[in-house]
Amino acid sequence: MRRCQALVRLAGSALGPESGGSGGKHAAAGAASLARLSSTATDCQPPAFVFDIDGVLIQGRRTLPAAKRALAKLYSPDGSQPLYPLAFLTNGGGVTECFKAHQLSEWLGVNVQQSQVVLSHTPMRQLAAMYADQPVLVAGRGQVQDVMHRYGFRHVLNLRQLARAMPAAVPFHEDQGLVSGRTDLPCYTKTLKYGSPEHPISAVMVLTDPSDWYRDLQLITDVLLSRGMPGHTSPPDAPPVAVYFSNPDLLWANEFSAPRFGQGAFAACLETLYEKVSGQPLNAHFFGKPHAAPYRLAEELLLAQAAALGLVPPTAEAALPGLDSGAELAAQTSTAALDGIPWPFGAIYAVGDNPAADVRGANAAGSPWVSVLVTKTGVARQNCAVDCAQASCKVRAAM
């Protein structure tokens, strides 16, 4: 029992001491929650850990020293293997899961695999089954078009290409692609005619926080109002364009002294503008924390790791016969757990910095998830009365 009590304190002890939240009672409640959970853990139910990235492990472009110490305690001495099931769950993105795993490995000094990473747009892979052969418009910074192709979307147009194809649509945009001799004009109207009446855009997918809000708000609104045919008159029976956001974060944290607007702020602008222009509310779909989809994916990754580490109790294996791979175990156990088959974890500690995303999502996911709030280096400065974490710890940026 003493061993298990030490294990469940690893992440919090390395990140910093438990802090007073909204009054001292929140700090006491967090400490009491950890104590109760650790007292119920058993040697056959080890903990699992899920870390947010921005504001928890990094601050802007700088890796937090306390984060490196925390991860070192959860890995083998040479940093090659995690000792316990461990995943990284972020509302960031713009790169592939493989690329993010490589970044995390460099930042943290431990070996992070792609199978440990869930980005905000990772759950959007499932949309490829619906839109693989239809033109879709992707928005956001980073390698978003490459990400979409890797997910299985075959006909992807980005907003930079759309702006260059119809520069009159964005008269105040500085980069209209009007330089003579440019050879990187898109296939928008030149060849495949994406966005034309013959090949209308079926969906808009915002994968990361856009940087050119004027251009993107204008062109996405054009696409929505024209039912996927910007610059054309759509027929009355044309279906509406679906809109997907990879996360609803109003705010996020970097090295600046106050949180910055996130994708949720962009979504709020688009929703407001669309309703004012069309008279109808925008029916948008959201992924990312605090929604359930990324937590279910993280559970599958953790369960696969538990199987590889030999941490799945014999009772659970007996209840799930015929499992030949970690992925199969993850998929079946995730469903079976809802039917009363015990989880192989004493707790899944979800460490984050945003009460409205990390804490709310972990609390909504239910047992065995336990929300842990990091303060001082991210969005939160103290625990929150509305989305109250079960435990909190503060990290000094200079630690």
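Quick check on the stretch 250-261. Is at least one of its residues surrounded by fewer than 17 Cβ atoms within 10 Å (Cβ to Cβ), under 18 Å from Leu162 (Cβ atoms) and more than 21 Å from the chain's Cα centre (by Cα)?
no
Could you list all residues from the stretch 146-157 that are surrounded by fewer than 17 Cβ atoms within 10 Å (Cβ to Cβ) and on the phi < 0 side of the Ramachandran plot?
Initial filter on the stretch 146-157 (surrounded by fewer than 17 Cβ atoms within 10 Å (Cβ to Cβ)): 146, 149-150, 152, 154.
Residues satisfying the conditions are Asp146, His149, Arg150, Arg154.
With the structure loaded, tell me whether Val147 is closer than 30 Å to Asp222 by Cα and in the same structural domain as Ala267 (by TED's automatic domain parsing) or whether it fails that test.
Numbers: closer than 30 Å to Asp222 by Cα: yes; in the same structural domain as Ala267 (by TED's automatic domain parsing): yes.
Judged against the criteria, Val147 is a match.
For Asp222, all conditions in the list (1) farther than 30 Å from Thr377 by Cβ; (2) within 20 Å of the chain's Cα centre (by Cα) hold save one; what is the number of the exception?
With (1) farther than 30 Å from Thr377 by Cβ; (2) within 20 Å of the chain's Cα centre (by Cα) applied to Asp222, the lone miss is (2).
Those residues that are charged (D, E, K, R) and outside any helix (DSSP H, G or I), I need them from the stretch 96-148; list them, please.
Asp133, Arg141
Select from the stretch 208-222 the residues that are at pLDDT 95 or above and either at positive phi or polar (S, T, N, Q) (or both) and list them in ascending order.
Result: Thr208, Gln218, Thr221.
Which residue is modelled with the lowest pLDDT, if the candidates are limited to the stretch 223-256 and must be under 20 Å from Ile53 (Cβ atoms) and of a type in the set (S, T, N, Q)?
Asn254
Of all residues being buried (at least 19 other Cβ atoms within 10 Å of the Cβ) and polar (S, T, N, Q) in the stretch 97-124, which is nearest to Gly378 (Cα to Cα)? Just the residue, please.
Ser120
The values are calculated or read from the model by the stated rules, or taken from the named source; none is laboratory data. These numbers come from a predicted model, not from an experiment. Ideal geometry is used to build each Cβ from the backbone, glycine not excepted, and the neighbour counts take in all protein chains shown.
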